[in-house]
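Before any comments, here is the structure.
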Amino acid sequence: MSETVKHSLMFAFVGVLIILDGTTSFGIFAGSWNSALGILNMGLVSAIMALGVNLQWGFAGLFNVGIMGFTALGGLAVVLVSSSPTPGAWSQGGIGIIMALILGALTVVAAVFITKNMTKGKPRVLALTALLIAGFFAYRAVFDPAVSGVEAINPALYGSLGGLGLPVLLAWPAGGLLAAGAAWLIGKTALGLRSDYLAIATLGIAEIIIAIMKNEDWLSRGVKNVVGLPRPMRKEIVLQEDPGFLDTAASLGLDPVVASTLYVKITYSLLFTVVLLALLWMAQMGLKSPWGRMMRAIRDNEVAAEAMGKNVTRRHLQIFVLGSAICGVAGAMMTTLDGQLTPGTYNPLRFTFLIWVMVVVGGSGNNFGAVLGGIFIWFFWIKVEPMGAGLINFVTYGLADDSALKLHLLDSTAHMRLFTMGLILLLVLRFSPRGLIPEK
Amino acid sequence: MSGNPYQNDRGNKDASITSTSGRSTMEPGLKHSGEVKPVIGDSPFLVGDTMTGGYGKGPDILHECTIAVNPGEIAVIVGPNGAGKSTAMKAVFGMLNVRSGKVLLDGEDITNLSPQDRVVKGMGFVPQTSNIFTSLTVEENLEMGAFIRTDDISNTMEQIYHLFPILKDKRNQAAGELSGGQRQQVAVGRALMTQPKVLMLDEPTAGVSPIVMDELFDRIIEVARTGIPILMVEQNARQALEIADKGYVLVQGRNAYTGTGKELLADPEVRKSFLGG
Amino acid sequence: MDLLNALVALTNYVMIPAVAYGSQLALGALGVTMIYAVLRFSNFAHGDTMAFGTMVTILITWWLQSMGINLGPLPTALLALPFGILGCMALMLFTDRVVYRFYREQKAKPVIFVMVSLGVMFMMNGLVRFIIGPGDQRFSDGERFIVSARDFKAMTGLREGLAFKTSQGITIITAVVVVAALFWFLNRTRTGKSMRAYSDNEDLALLSGINPERVVMYTWMIVAGLATIAGVLYGLDKSFKPFTYFQLLLPIFAAAIVGGLGNPIGAIAGGFVIAFSEVSITYAWKKILRYLMPENLEPDGLVQLLSTDYKFAVSFVILLIVLLFKPTGLFKGKSV
């Protein structure tokens, strides 16, 4: 069996799993297209994230453990681009906030300038300290009143700057750009010449991004969440009142409610598939290009690449920014799918380390592997719970239904997810370290 | 990328999660030791007999190379760059895949032993680089040298301080802070702490000044006088042959000339080819 | 009098909490730094190791409490702690045997170990949640305060109270004892020295007859001890929640790196640097400034530099500053 056939069969297998979930309710399968499409949609988003991480790890050996942060930035972009503007926010302090942020940025730029242009010694330390302290208080002096102004606007509904009210599809590239900007800043500081400290930097930045999104209410309402974000297609309720749609549904023999949810989900699936295929195509083309060959040359022998005059740090920065931008796009897509931004739900286990499991299981260094891993692991992530419940019911068959142990175990099945993901990762790392679809 | 997937780090050099300092780079010829056979008949105290082999699965670097040394002697391996001098010594120490030939020590065939087990059998080995524990004090270096011993080590330590008085003064300093020559003394001292039956030195004078080199050679002669056979690889062929009882000139992994140090120094062929006239 | 009041407030709200938190971080960072020094990778499962050790301790504590055994004014958890350490050691040695050892034999690159530790992290995280649940657990008992704020006020007649919790006292004393014991072990015993030698130069350690498997085994045992102690102290001081422990990974990594990865003294210093910056930057200084400033200059706001939710941000910014100016950490680490 040739490699291509084998790998196609793996994709087909995952496809069959999802179709089974839509058609039969035997065992772990839900027997509902609603559930199956839900898994498929998040699987596609996960596949895109895995693609971004694979670009960084597979092709440049960069260890990014801040995927959660880039995903969240993508989500933030959806709010900033597509939600409706808050009336009066700009006059009540929006301008002040922007001014304060510019002031803060200028302080940092000035600090960098001082560091670069003054000679080492006490005067430099003093100048830096004075500048930073003065800058910080000036920033707070402008920032704080502006923020209270914005947050005072009908906090139950708005209390934030709101967005630009643009079409939500525009938010996807915007999410990529936002993530790319953050990645550039991180990469610029953390990707040193001889050794880097990207892991700790990304780990920290991700937490900081989440902290900002939770606490800066003026930005995206913090933990009060932004709900009811616009969608790229008509809402279910609108569809259910459209006579044309109702006729089509009736002709297909479908209940209008079911038909409308399926319509929405299928539209998302198609949109996501288009984005995934486009990114996959670009990643494949990029890697076959001279640029991609050089990336791999650097990865496999950095010393030689450097000796040939390649600027390794620059290349690493490029690919880090690119990969993070892809994660940002995926994050924006996910928030669009959810229709809401809930900063409290971002958790590194789910949004950073799970993506790593997908990349490793799929096959580090292979884009198709990343896609396969993304969808496959997501399917498992959803289905481990029913599997666990089934397993425990089976194991505790002899116990009475109200036995404390059985109840505790059944209660805990939700946590088997993490355990199982760890087990899968360890098994793959040990017995199939190249992943399901190895790099060629 | 073929090869061992567990060793593929994709060029990652993230210092916040991984450390490369002090990692093992040694590739032992044998990971696990086989049996030791007694040798019947007469043989030198330590001999690498007609050794042929290379690193791992790589091509042969040594070709029927023979190196031997007896108690009280200094044997020196010299030769041009890339002649396999260090390789020959590593073969004796078990860091090479020796495909034919054997290594005998003190009447035993130790060809099937791993380097660690050869240390236990009485081989003291001083590598060319990374031969001291830089973050440990001089005294701790010596203590670690005697790790396999369970008896009282204070006497041996006194002997080493007697041999290298400067180490006694610096006993509580981190070895990494010492000068090049002093570091080499720590390295030799560490190897001597096991009370080895034979001492093997891989280019002990690499990178030290000529004065320090002379001093180091004096010390090595002193060690040899205590009866420990010394096998040594040297770049500085002339000086080394002057103190050598036995000299081996290797060319492309083969024995080219063998004789006493004086003979080799007097040999016009050797002089012309390796000693610069 | 105002100066005294300010001093007391400073001690009460900044110094004591920071010293206690710093000790907990230092113990955690010591574990991370030991793994980094000996096994040469950063262990992402360390937070969950702490959680596991603490969980075992909590379960034993509950059992002891149900048997009516306690330590009087001291928390029962201290009695359970040795069992927690043993449980954690057993798990660490088991994990090393079935997971990590294979990669050592393969001479796997350190970054592979990091990925393996991600898998271990997931499994341990799931295991802890499976056994004790994801919720908050309090397990401290005994006397709550060594000095309570009210007693202090009555004693001194000052306006400000000074509270010194038992858990804080225990934390500080335990940390001092543990750190002293660890340094004695590393610098004075043959085994400790062999661990340092192995960390310094693996090949030479091998040639000196040091058994790597031995060294690794001792390392895991020490790390299990450190992690459990750090986790139990943190839990006594605050509370136990698996996710919080997982998140402690960030300040602990930051502490270890700020101090210089692989350097035990650095880990301790890093722990305190991070703790003091976190506490002092997120503390509302108004209370203290009120005593020190003339009345007309009293600040209006809380004089809080950053809201407490930003404590992770603080540890990270400190880390970044240190790395920018001193890439090897405050104390020379191994290679950062």
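The values are calculated or read from the model by the stated rules, or taken from the named source; none is laboratory data. Since the structure is predicted, the reported quantities are computational estimates derived from the model, not experimental observations. A quick note on method: Cβ atoms are made from the backbone with ideal geometry, for glycine too, and the neighbour counts reach across all protein chains shown. Protein only, heavy atoms only, side chains kept; ligands, DNA and RNA dropped before computing areas. Shrake-Rupley method; radii C 1.70, N 1.55, O 1.52, S 1.80 Å.
Is the shape of chain B rounded, prolate or oblate, going by the alpha carbon gyration tensor and its root eigenvalues a ≥ b ≥ c, with a/c under 1.5 for rounded and a/b larger than b/c for prolate? The partial results should precede the final answer.
Details: a/c = 1.32, a/b = 1.07, b/c = 1.24.
In terms of gyration-tensor shape, rounded.
Antiparallel as a % of all DSSP beta bridges within the protein assembly as shown, to the nearest 5?
Antiparallel: roughly 65 percent of the beta bridges in the protein assembly as shown.
I need the calculated FRET efficiency for the pair residue A:109 and residue A:141, taking r as the beta carbon distance and R₀ as 22 Å, to the nearest 0.05. Don't skip to the answer; put the middle values down first.
Details: r = 19 Å, r/R0 = 0.87.
Result of the calculation: an efficiency of 0.70.
In debye to the nearest 20, how big a dipole does chain A give about its Cα centre with +1 on each Lys and Arg Cβ and -1 on each Asp and Glu Cβ?
Approximately 1800 debye in magnitude.
What does the charge dipole of the protein assembly as shown about its Cα centre add up to, to the nearest 20 debye, if the Cβ of each Lys and Arg holds +1 and the Cβ of each Asp and Glu holds -1?
1080 debye
Run lengths n ≥ 4 of DSSP H only: what is the helix-derived mean residue ellipticity at 222 nm for chain B, with -39500 (n - 2.57) per run over all residues, to the nearest 500?
-9000 deg cm²/dmol
In nm, to one decimal, how far is the modelled label at residue C:98 from the one at residue A:389, with both set 7 Å along Cα→Cβ?
2.7 nm
Can you give the FRET efficiency for residue A:185 and residue A:294, using 1/(1 + (r/R0)^6), R0 = 30 Å, r = Cβ-Cβ distance, to the nearest 0.05?
0.80
Under 10 Å, Cα contacts only: if you run a Gaussian network model on chain B, which one of B:258, B:52, B:20 comes out with the highest mean-square fluctuation?
Of B:258, B:52, B:20, the most mobile in the Gaussian network model is B:20.
Counting partner chain Cβ atoms within 10 Å of every residue's Cβ in B:129-137, what's the average?
Rounded to a whole number, the mean comes out at 5.
With label points built 7 Å along Cα→Cβ from the Cα atoms of residue B:225 and residue A:318, find their separation and express it in nm.
Roughly 6.6 nm, to one decimal.
Quick one: pull the percent of accessible area on segment A:86-161 belonging to carbon and sulfur, 1.4 Å probe, ligands and nucleic acids left out.
Ligands and nucleic acids excluded, carbon and sulfur give 76 percent.
Which residue, chosen from B:137, C:302, C:224, occupies the Cα position most advanced towards the positive end of the dipole of the protein assembly as shown, where the dipole is computed from +1 (Lys, Arg) and -1 (Asp, Glu) charges on Cβ about the Cα centre?
Farthest towards the positive pole: C:302.
With the other protein chains left in place, how much accessible area per residue, in square angstrom, belongs to segment A:86-161 at a 1.4 angstrom probe? Can you show the working numbers first?
Details: 4620 Å² over 76 residues.
Each residue of segment A:86-161 exposes 61 Å² on average to a 1.4 Å probe.
What residues have an amide H closer than 5 Å to that of residue B:231, excluding those fewer than 5 places away on the same chain, when H is modeled at 1.01 Å from N in the peptide plane?
Under 5 Å from the amide H of residue B:231 lie the amide H atoms of B:75, B:199, B:200, B:201, each far enough along the sequence or on another chain.
If you take the accessible area of C alone plus A alone and subtract the pair, what total do you get in square angstrom, rounded to 100, with a 1.4 Å probe?
Result for this pair: about 3900 Å² buried.
Rank-order B:185-195, C:63-73, A:299-309, B:264-274 by packing density, defined as the average count of other C-beta atoms within 10 Å over each peptide's residues, highest first. Could the numbers behind the result be given before it?
Values: B:185-195: 24.9, C:63-73: 11.8, A:299-309: 13.5, B:264-274: 15.5.
So the peptides B:185-195, C:63-73, A:299-309, B:264-274, ranked by packing, come out B:185-195, B:264-274, A:299-309, C:63-73.
Residues of A:91-102, mean number of Cβ from any other protein chain within 10 Å of their own Cβ, rounded to a whole number?
Values: counts 0, 0, 0, 0, 0, 0, 0, 0, 0, 0, 0, 0.
Mean inter-chain Cβ contacts per residue within 10 Å come to 0.
Compute the Cα gyration tensor for segment A:178-310, then decide on rounded, prolate or oblate, letting a ≥ b ≥ c be the square roots of its eigenvalues: rounded whenever a/c is under 1.5, prolate when a/b is larger than b/c in the other cases, and oblate in all that remain.
Judged from the Cα gyration tensor, segment A:178-310 comes out oblate (a/c at least 1.5, b/c at or above a/b).
I'd like the carbon and sulfur percentage of the solvent accessible area for segment B:213-258, probe radius 1.4 Å, heavy atoms only, ligands and nucleic acids excluded.
Carbon and sulfur together cover 40 percent of it.
Output the peptides C:118-127, C:155-164, C:280-289 sorted from most to least packed, where packing is the average of other Cβ atoms within 10 Å over each peptide's residues.
Top of the packing list down: C:118-127, C:280-289, C:155-164.
Treating cross-link reach as a plain straight distance, find the aspartates and glutamates whose alpha-carbon is under 19 Å from the alpha-carbon of residue B:57, omitting any fewer than eight places away in the same chain.
Partners within reach: B:27, C:105.
Under 20 Å from the 7 Å Cα→Cβ point of residue B:7, by amide nitrogen: which residues of segment C:111-155?
Output list for this probe position: C:111-116.
Can you find, among C:148, C:95, B:207, the residue sitting farthest towards the positive end of the charge dipole of the protein assembly as shown, where Lys and Arg contribute +1 and Asp and Glu -1 at Cβ?
Result: B:207.
Buried accessible area for the A:B pair, summed, 1.4 Å probe, in Å² rounded to 100?
On the way: alone 21880 and 14510 Å², together 34890 Å².
By this definition, chains A and B bury close to 1500 Å².
How do the peptides A:162-173, A:116-127, C:266-277, A:37-48 rank, highest first, by the average count of neighbouring beta carbon atoms within 10 Å per residue?
C:266-277, A:37-48, A:162-173, A:116-127
With a 1.4 Å probe and all protein chains left in place, how much accessible area per residue does segment B:1-64 have, in Å²?
Each residue of segment B:1-64 exposes 54 Å² on average to a 1.4 Å probe.
Post the alpha-carbon centroid distance, segment C:3-57 to segment A:122-164, in whole angstrom.
Measuring centre to centre over Cα atoms gives 31 Å.
State the percentage of accessible surface on segment A:269-329 attributable to carbon and sulfur atoms; use a 1.4 Å probe and exclude ligands, DNA and RNA.
Result for segment A:269-329: 70 percent of the exposed heavy-atom area is carbon or sulfur.
Residue farthest toward the positive end of the dipole of segment B:1-82, with Cβ of Lys/Arg at +1 and Asp/Glu at -1: which of B:76, B:25, B:7?
Farthest towards the positive end: B:7.
Where does chain A land at 222 nm, in deg cm²/dmol rounded to the nearest 500, when only DSSP H runs of n ≥ 4 count, each adding -39500 (n - 2.57), divided by all residues?
Working: 18 runs with 314 residues, N = 440.
Result for chain A: -24000 deg cm²/dmol, rounded to the nearest 500.
Evaluate E = 1/(1 + (r/R0)^6) for residue C:148 and residue A:303, where r is the Cβ-Cβ distance and R0 equals 60 Å; express this FRET efficiency to the nearest 0.05.
In this case the efficiency is close to 0.40.
Expected output is a single nm value to one decimal: the length gained when fully extending between residue A:310 and residue A:131, i.e. 0.36 nm times separation in residues minus the C-alpha distance. What is it?
60.7 nm
Which whole number gives the average, over all residues in B:191-200, of C-beta atoms from other chains lying within 10 Å of the residue C-beta? Don't skip to the answer; put the middle values down first.
Details: counts 3, 0, 1, 3, 0, 0, 0, 0, 0, 0.
Average per residue, whole number: 1.
Under the rule a/c < 1.5 gives rounded, and otherwise a/b versus b/c splits prolate from oblate, where does segment A:1-134 land using the Cα gyration tensor?
The shape class here is oblate.
Lys and Arg at +1, Asp and Glu at -1: add these up for the other residues within a Cβ distance under 12 Å of residue C:136 and post the number. Spell out each step's value before the answer.
Working: positive: C:138, C:238, C:241; negative: none.
That sum, taken over residues with Cβ under 12 Å, equals +3.
Please compute how much accessible surface disappears when B pairs with C, both sides summed, using a 1.4 Å probe, and round it to the nearest 100 Å².
Roughly 3700 Å² of accessible surface disappears when B and C pair.
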